[in-house]
Structures are given as structure tokens and as C-alpha cells.
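J.: Shown below is the structure under consideration.
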Number of protein chains: 2
Amino acid sequence: MNLPPLCEAFVLHFGEMGSRWGINRTVGQIYAVLFIAEHPLCADDIVERLGVSRSNVSMGLKELQSWNLVRQRQVHGDRREFFSTPDDIYAIVRTLVEERKKREIDPTLSMLRELLMQAPGTPQERHAQARLKDMHELIELLTNWYADVQKLETERLIQLLSLGSKVVKALEMKDRLFTVPGGKTRSTNHNS
Amino acid sequence: MNLPPLCEAFVLHFGEMGSRWGINRTVGQIYAVLFIAEHPLCADDIVERLGVSRSNVSMGLKELQSWNLVRQRQVHGDRREFFSTPDDIYAIVRTLVEERKKREIDPTLSMLRELLMQAPGTPQERHAQARLKDMHELIELLTNWYADVQKLETERLIQLLSLGSKVVKALEMKDRLFTVPGGKTRSTNHNS
DNA sequence: CTGTATTTTCTGAAAATTCTGAAATTTGAG
DNA sequence: CTCAAATTTCAGAATTTTCAGAAAATACAG
């Protein structure tokens, strides 16, 4: 691997981590190299840095593009294609979450919905449906939260995340302010 | 696979999904079977339902236990060991997040911290460190949010998630209430 | 302690995946 | 259009993962 030690350490770790996700090691490494690169790189730059075959890099880049995690760029006066990751790391995370949702959550949600429509034939199926219903509700709660929060501009999102659970206390205070003294505390609704 | 159609569909899907995570197909299926089971199951029950080898089930259960995703239970007057998933699906998700954090995020954070301590030798390394710093800050923001929110009881958590981004508006209102008219709007701080 | 039920570990075979070099295709300059 | 540079596809080799069945270990009743 043709990289300074610090870069190499990062790339190796990222490769390992990648393989704990569905992504294979090389694809993870390609991404890491692009992430820390000073300029967009062409495929042969990556070959040189990682010491893997040209075809392997080609496949890896194709995979990363299918995830929208790398963009293809033109360098003036150069016929080759160059690749880079977005500079904005928040944008990267948004993409990552979006894509994983699309590939893992959405299909699961449709599966669950479909199975919940069926009439259970046995007590075993009836019980299974009850469990599936719990799972479905939780996933809906989470995806609705995500869909909502995902619309915020980064600045707002950071604000929200920084607050963490303090939000709950803040809202209690607000509730107290707007609730008739002695009346029942107005509960927050549970819709998206 | 010896299961009613509805259960089988769920188990198969879960197995597929499992293999997109690091988990292998059979382990995913074992989990699914336990998740929808009416009672705790012993290893042979799982063998019968999934039609895989006894040894495979043994390995799979061991793996799931290492993730704290299944618990081992005793059935009165039976020498065999039985397994089940927690009833509370929120608890399940908490465990899942906790374990993934432990295995993926925490090691990444230490790696990043370590590399950020090093003195960059080349401009290339200097630039890499800048990128690593961005990544480190974002991960810290997210894990701090998680650490904070994770402490909430489920009821509160649901409340918080249900609100989604409406929280931001609510807080703006609160800010307005407590800000001196004409003064600069007090910004919310960015610490955990 | 003995014998049986149960679980775990081990081993090699089968399956899946990752990866490479070669061949085929695409792209664009001249 | 022609040619060379660049990229992609492909077939099979190398590697890794998964899996079943055998063997070993463990637990426990009597």
C-alpha cells in the first residue's frame, strides 16, 4: 500500500469496518482513499495507492457510485475520469442513511405490511403477526422521525442533536407555561 | 423449512437482511424464528423449523448470545436449554444499537483520536487529518446525542421521536419568550 | 461411577465471494 | 474514420465463509 503511515492506518481500519457492513474490504479502502484525498483521483491513482488490480478498482467504484457515495468529476484537459467524495461530511452521512434506508428498511417495511394484511391461519401465525406489528410500529416511528429531521438544514440539525434529551425538559417547561394550572398536563401527540 | 407460510416469509426475509449486515443468513433466520416464537425454543426446535444442522444452530445461538440478542432460559423439569428474544422491542433496539456502537463506532473513535494526535509529516497527511477531524467531530456529536437520549425511559423516547423536527420550532418559541426584545437571539449551545 | 441426553468443537467439503489478467468495449483526439 | 487511451466485462483462480456430520466434551440422573 503506497500511502504515508497515517493514511494507511485510516484506510486499513476503514476497510476492516467496511467488511462488517455489507461492503467488501477493498470497496471500503477505495472509499477511504477518496475521502482523505486532496484532489479527485483517477482509477489508476487508486490502483497505485492500494496495490490492487485495476479491474477491482473499477468494480469498487461502480459499487460506490451505485450508493451515491462518490461522484465522478472531469478534470480539464484530461480524458480520464476522476472521483471524489463530497466535502461536506453531513451530506455524506445523509446519503449513507438514505441509501441504507432504501435498501434495508423500505423492503422490510413492505414485507411487514404485506404479512400484516394476511389473515392468520393458526394461533402460531396470529402470535407472529402481533410481534410483526410491534416491529412495524417501531420502524415506522423511527423512519418518520428520520423523514422529518432529515429535512432540517445542517445548522438546525446540529442544534437539535446538541440538545439531546434536554429537549424533553425544555418541552416540559413549555408545557407548564401553556397548561392551565391545576389542569391535566397536555400530552404531546404521537403522530409524525 | 417447517413453518406456516407467514412465518416462513418473515424468516426468509430476515435471513436475507441479516446477510446485508455482517450477520450470516442462518443466524438471521434463527433470530427471526425466536422473535416470533410463542415460547422459548430449544436448539432442536430451531433445527426442526429451519432444517439446518444441529451444529449450525449451536454456532448461531452462540453468536446471537455474544450480541446479547437472545437470552437463555430454563424450562422447569427439562434439562435442555431454551432460548428467547426479549418481549420488549424497544429493549431489543437498544441492545442492537449498543452492540453495534461497541463493535464499530468505539474502535473507530479511538482510531481517529489516535491518528489525530500524530504530527503530520507531509501535506498529504495534514490534509487527511483535517478530514479525520471532521469525521471525528460528527461521530462525537452523534454518539453524544445517543448517549444522552439512550438514558430516557421508553415513554419519553417515544415522545421525543414523535415530535421529530417540531422540537426546533417549539424551542424557537421558547427562545423568543425568554429573550430580551430587541436583543440578539440567544443561541442554544453545542455541547452534549 | 456409569450411562445417556445434550451441547459444543472440530474437520473437511461445498458454496459464495473476491480478485486478477485478459479480452472486449467505449471514448475521444486527430 | 482510425487509432490509442481508458474503462468495463468476463472467466476462472484464490480466498473466505458457511455448513453438515463426526467426535469430543459436558451435564446430570440413577
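Every number here is computed from the coordinates shown, using simple stated rules; none is lab data. On a predicted model such as this, the values are computed, not experimentally measured, just so you know. Because the Cβ atoms are built from the backbone with ideal geometry, glycine has one as well, and the counts that use them run over all protein chains shown.
J.: If you take each beta carbon of peptide B:124-131 and count the beta carbons of other chains within 10 angstrom, what is the mean? Walk me through the intermediate numbers first.
T.: Numbers: counts 7, 7, 2, 5, 13, 4, 2, 9.
Mean partner shielding for this stretch: 6.
J.: Would you report the distance distribution of C-alpha pairs in the stretch B:8-104 as whole percents per 10 angstrom bin, up to the bin with the largest distance?
T.: In order of increasing distance, the bins hold 16, 52, 28, 4, 0 percent.
J.: A further question follows. At q = 0.17 Å⁻¹, work out log10 I(q)/I(0) for the stretch A:89-181 with the Debye formula, treating every Cα as an identical point scatterer and leaving solvent out; two decimals please.
T.: -0.88
J.: Can you pull the mean other chain C-beta count within 10 Å for peptide B:16-22?
T.: 4
J.: Next question, about the same structure. Using a Cα-Cα cut-off of under 20 Å, which aspartates and glutamates could be cross-linked to A:LYS102, ignoring same-chain neighbours fewer than 8 residues away?
T.: A:GLU63, A:GLU114, A:GLU137, A:GLU140, A:ASP148, B:GLU16
J.: Taking all pairs of distinct Cα atoms, average 1/r, flip it, and tell me the Kirkwood hydrodynamic radius of the protein assembly as shown in Å to one decimal place.
T.: Every distinct Cα pair counted, the radius reaches 23.9 Å.
J.: Step through the residues of the stretch A:120-126 one at a time and calculate ³J(HN,Hα) from phi using the Karplus curve (6.51 cos²θ - 1.76 cosθ + 1.60, θ = phi - 60°), rounding each to whole Hz and writing x for Gly and Pro.
T.: x, x, 10, x, 4, 5, 4
J.: Okay, next question. What nm distances, shortest first, do you get from the label point of B:THR122 to those in the other copies when the point sits 7 angstrom along Cα to Cβ?
T.: 6.4
J.: While we're on this one: Taking beta carbons within 10 Å but only from partner chains, what does the mean come to for residues B:91-97?
T.: Averaged over the peptide's residues, the number is 1.
J.: Out of every Cα-Cα pair in chain B, what percent are more than 31 Å apart?
T.: Above the 31 Å cut-off, chain B has 44 percent of its Cα pairs.
J.: Give the nm distances, rounded to one decimal, from A:GLN74 to the matching residue in every other copy, measuring between label points 7 Å along Cα toward the beta carbon; shortest first.
T.: 7.4
J.: Measuring nothing but label to label, 7 Å from Cα along Cα→Cβ, what are A:SER53's distances to the other copies in nm, shortest first?
T.: 3.1
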